[in-house]
1. Assign one of three labels to segment A:64-133, namely rounded, prolate or oblate, based on the Cα gyration tensor with a ≥ b ≥ c the square roots of its eigenvalues; rounded applies when a/c is under 1.5, prolate when it is not and a/b is larger than b/c, and oblate otherwise.
2. In deg cm²/dmol, rounded to 500, what helix-only [θ] at 222 nm does chain C give when every DSSP H run of at least 4 residues adds -39500 (n - 2.57) and the total is split over its residues?
3. Label segment D:40-194 by shape, choosing from rounded, prolate and oblate, from the square roots a ≥ b ≥ c of the eigenvalues of the Cα gyration tensor; if a/c is under 1.5 it is rounded, and otherwise prolate applies when a/b is larger than b/c, oblate when it is not.
4. Calculate the FRET efficiency for B:ASN76 and B:ASP54 from the Cβ-Cβ distance with a Förster distance of 25 Å, rounded to the nearest 0.05.
5. Just to verify a number: FRET efficiency for B:THR154 and C:ASN120, C-beta to C-beta distance, R0 = 51 Å, to 0.05?
6. Just the number, please: percent antiparallel of the DSSP beta bridges in the protein assembly as shown, rounded to the nearest 5.
7. Per residue of segment C:291-296, what does 6.51 cos²θ - 1.76 cosθ + 1.60 with θ = phi - 60° give for ³J(HN,Hα)? Whole Hz please, x for Gly and Pro, Karplus curve as stated.
8. Pick from B:GLN108, B:GLN207, B:GLN314 the residue whose mean-square fluctuation is largest in a GNM of chain B, springs joining Cα atoms under 10 Å.
Number of protein chains: 4
Amino acid sequence: MIKAGIIGGAGYTAGELIRILLNHNYVDLSFVFSTSNAGNLLSDVHQDLLGSTDIRFADTVDFNVDVVFLCLGHGNSTAFLDKNVFSEETIIIDLSNDFRLKPDAEFQGREFIYGLPELNKDEIKQAGSIANPGCFATAIQLALLPLADSKNITSDIHINAVTGATGAGTSLSATTHYTWRDNNFSYYKPFTHQHMGEINQSVKSLQSGFDKEIFFLPNRGNFSRGIFATAYTKFEGDLEAIKKIYTDFYAEAPFTFVSETDIHMKQVVNTNKCLIHLHKHNNQLLITSCIDNLLKGASGQAVENMNLIFGLPQTEGLNLKGSYF
Amino acid sequence: MIKAGIIGGAGYTAGELIRILLNHNYVDLSFVFSTSNAGNLLSDVHQDLLGSTDIRFADTVDFNVDVVFLCLGHGNSTAFLDKNVFSEETIIIDLSNDFRLKPDAEFQGREFIYGLPELNKDEIKQAGSIANPGCFATAIQLALLPLADSKNITSDIHINAVTGATGAGTSLSATTHYTWRDNNFSYYKPFTHQHMGEINQSVKSLQSGFDKEIFFLPNRGNFSRGIFATAYTKFEGDLEAIKKIYTDFYAEAPFTFVSETDIHMKQVVNTNKCLIHLHKHNNQLLITSCIDNLLKGASGQAVENMNLIFGLPQTEGLNLKGSYF
Amino acid sequence: MIKAGIIGGAGYTAGELIRILLNHNYVDLSFVFSTSNAGNLLSDVHQDLLGSTDIRFADTVDFNVDVVFLCLGHGNSTAFLDKNVFSEETIIIDLSNDFRLKPDAEFQGREFIYGLPELNKDEIKQAGSIANPGCFATAIQLALLPLADSKNITSDIHINAVTGATGAGTSLSATTHYTWRDNNFSYYKPFTHQHMGEINQSVKSLQSGFDKEIFFLPNRGNFSRGIFATAYTKFEGDLEAIKKIYTDFYAEAPFTFVSETDIHMKQVVNTNKCLIHLHKHNNQLLITSCIDNLLKGASGQAVENMNLIFGLPQTEGLNLKGSYF
Amino acid sequence: MIKAGIIGGAGYTAGELIRILLNHNYVDLSFVFSTSNAGNLLSDVHQDLLGSTDIRFADTVDFNVDVVFLCLGHGNSTAFLDKNVFSEETIIIDLSNDFRLKPDAEFQGREFIYGLPELNKDEIKQAGSIANPGCFATAIQLALLPLADSKNITSDIHINAVTGATGAGTSLSATTHYTWRDNNFSYYKPFTHQHMGEINQSVKSLQSGFDKEIFFLPNRGNFSRGIFATAYTKFEGDLEAIKKIYTDFYAEAPFTFVSETDIHMKQVVNTNKCLIHLHKHNNQLLITSCIDNLLKGASGQAVENMNLIFGLPQTEGLNLKGSYF
């Protein structure tokens, strides 16, 4: 059994990790650390866990674990690791954006590998530390990578995506108040979302001469889970040919699928899947991508990375029943 | 023109009052007082008012108004009036529960009249001060008053009602966070809701020997506006006869209607209406009642009361287009 | 491996069964029969299954299966079995209400056992045919059975419950149109819901002299999944004592839990759990119960029954990750 | 009083028209024609009208009206007018897309004027027939017209917009079923929405040499009312200068406002407003636009057009209280 610990156990991504790991056949959840909730039952915070576990939040970190997941706010992983040094034996999977960019990836003698299995599964298998991708970054990269890999990005890319309220974290704010968000719609951080860095980095790693712009407009949707992203760009090639390129690129990916028909977001909610659809109108290629922001966009992918590192089937613990409705 | 002021201008009920009064033909909105927002535009807080008004929140109270609406939290109206004494010339309409019960109705030489027009329109017309009814209390009383008035309550009454998130006020809380409330349902304050006092008081005022129990279970719904209430009790009489009693009781009420067919909540959302439906199964009479908690349940009714006091048509400014969808 | 077939494969309960069985370690899904969709991919109808299975709907019934689930509309199971006779070797689990009442339970030499494991697990283990309980019936019985079993129902019971739009089936209707149901609330079938029969039958089986009335008011909520039910009745006993009675009653139940704190519906959505909470005010005992109408209220419980019959752990395939948000 | 009739009275836009006209000080609603509902009360179909009117659907058309609104499906207005010829005395306001494009605007000796007051108020005032703009077309044109008018469109424009379920009409369909649409998101008609024609026509009327492309991706949101649209294009000019151009362009528009701060959709729901916001990042100008699809996007604008033609204040009957929540 893999001994696992979670740091920052009260947030959404930690909750999802706990839900997954409690049902994982090869993981023993050693501790869930939360300063604010130490001593409380996990199910006091993640209330759906009532009946599923009697574990309590820990007030100390157990360094004797095989893997530790950092579910801390952006910028806080570095600070935590400064004070809490794990031995090389312990795999670190960090869900923040602290180590995703190459210039940030070296830390405490560790090299954080960008944990997008569809991009670099082999490196992940050898990794001692993982920088788990962002949620929008995952949906968008999975939409673009086969295009980049086949050197087919020849023009600017226009992306519009919408995310659920869990994307904004557990803290209460004006835009997560029910009366504001119910039946509402709005954008935020136009063209400047923090995930642009990792997206550009991955695209360039596959299509080295890439010098076009990626315009990304993120939106707040009135739902709790899910990301629906559309991307389009000029593409003179053949639709069937590019479909084959996508299908081939994802041939070995157990969670990413190309759909022949239009897709909608609830096809993936509460699963670790990513669905991709390709459509061409005149000389524009439209690529649609859907994920669950907390699963393939965060905790599910983190477990995928763990599975790969520990030599388990990539899907172990991740064949989740979708909620669909 | 009636000069009107609003105290506590940043909350939901104040917002609704402003929306109504800006379109009211006989009202001049003199000031909207808010300590926390003084100097800001109304539309900075009530953002749908952009383009509708350039008024700013005042930091002082203008005592030279014809009517003042108190939109303060429960318990705060008394405190406010202790420090801010209006002359007898100024009508006070209080939306809190501070003065609704007879023992609380005398204050500073004023007598607060319970402002439910369907119950005591004549007293309201003569009133100098109004205690505006609670939202659940309005929906439930309108369901029960004709039954009480006809001395037909002979058994316990069982009430279940659900309200929207605006019923909980603007402050952020766990149960108003979008991720919690979206697609969720729960109860609160079982059998002990603070509106029971005014409900019992009104029922007893019409059926003096009333000694049965009213069981009321309030619920939190996953919507923003509206109340849907059901009440049932043993009733051996004839359905058509009791329908006639209800129809007669509300014959002069411009906003309360008896529906021959089943009702649903959105029939009244964003209107000042109350719809009532009567159904009988075996010896149980089931009475359904729907209102918009912020309108007939608060600010709309407050304007009804103002209209009555100032000799205007009761519906002035209140023929609101429902949103319905 | 257990060979399983599904009849009526295009509906909501069939969809959920498929989702569960595809991940079940001991089941091989032999066929999914649907006259209207024969030849199509399962994922053409249950679109979240894209990438999960390449199975197509069958146009013929394979009688050589170990278990068959009937996911037909109420009244249609009888008609189907009249034309399609399975051998005694095949376990039949029927999700309709055709065989739930004792007078209906004998059919074609089979005796349909009422499949509520918390009530009659031992009989289920020996059964060749199962009448799977209704969704409301499950939520309500789990709220009442310990009370009945301890002979504590001494007065009428007042039940109010709300269900999601999946409870109304896949067919399009006025009350399942998005514009109608979004942010709406309404009741239906007051006091006459078809599940009353099985509820009364089970209560009487535990408290034989039961002669009180159960008043049940069902409601349509604006969500897709879930049931939230409240029941109250006069109870002079001690709260802690009755909590112990409930906890003991469900001590061996792997999915039904008594919560010390108030419960809300999303604690159980997309799980096979039932949560129960007990509260006392004066001499009224309030019992709250939550389930997912499609899982514990239908397909999840059907798989529980299958597990019991085939000697598998009751939870096999049913440790589902809740969606929670 | 203006005598008004409505053709096609059972749909969403007819319902909104009725709601507005019943409260309009200068309109007498003569008849509402509906073949499918003839003889029924308006409130049997538009159920929120219970208590507001006792009018019934007519089975014959009264040709003796001052204005008639055609609320028919696209393509059906032509067919209706072929069989039902109104005299020149009767103003026709058509809400379909039958007469919006110049080549279609001449019919039966009438010339249909495109009824977007912000574009051509003077022509509207003189018109005998109006082609009322489409909902998306209204939101998008109001975002683009000042830019076109100032000859500032120098590059392709990228538009993404989301609409509510009422945009799809009253008929039941897979994508308007509650269980599908609740908490879901999807696109439709990528780059080929039928409103592109009128958008391009208006832009070219203001910026004659316009030869760039407008890419428009429409989406289905999980709400009932509202449109949120974003448009961006290369713009080298100064943000404050373009803001002034927009503010000046809409200086006389009583419903279209430029917001200094970010906007969200619910600011305009259940009002006839359009809010516009301008933002610049690097050399991209981002224009956001929100309307209520049934009001400014359909029936509200139709009444605006009627007001202008009959010499009434443009806002008559249209100072609607927003629902906001």
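The values are calculated or read from the model by the stated rules, or taken from the named source; none is laboratory data. What you are looking at is a predicted structure, and each value in this text was computed from that prediction instead of being measured. Here the Cβ positions follow ideal geometry from the backbone for every residue, glycine too, while neighbour counts run over all protein chains shown. Surface areas here come from the heavy atoms of the whole protein model, side chains and all, with no ligands, DNA or RNA. Shrake-Rupley method; radii C 1.70, N 1.55, O 1.52, S 1.80 Å.
1. Oblate shape, in that a/c is at least 1.5 and b/c is the bigger or equal ratio.
2. Numbers: 9 runs with 84 residues, N = 325.
Calculated mean residue ellipticity at 222 nm is -7500 deg cm²/dmol.
3. Cα axes put segment D:40-194 in the oblate bin.
4. On the way: r = 28 Å, r/R0 = 1.12.
E(calc), rounded to 0.05, equals 0.35.
5. Efficiency computed from Cβ-Cβ geometry: 0.80.
6. Values: 112 of 240 bridges.
Percent antiparallel among DSSP bridges in the protein assembly as shown is about 45.
7. Calculated HN-Hα couplings, in order: 9, 8, 4, 8, 9, 4 Hz.
8. Ranking B:GLN108, B:GLN207, B:GLN314 by mean-square fluctuation puts B:GLN108 first.
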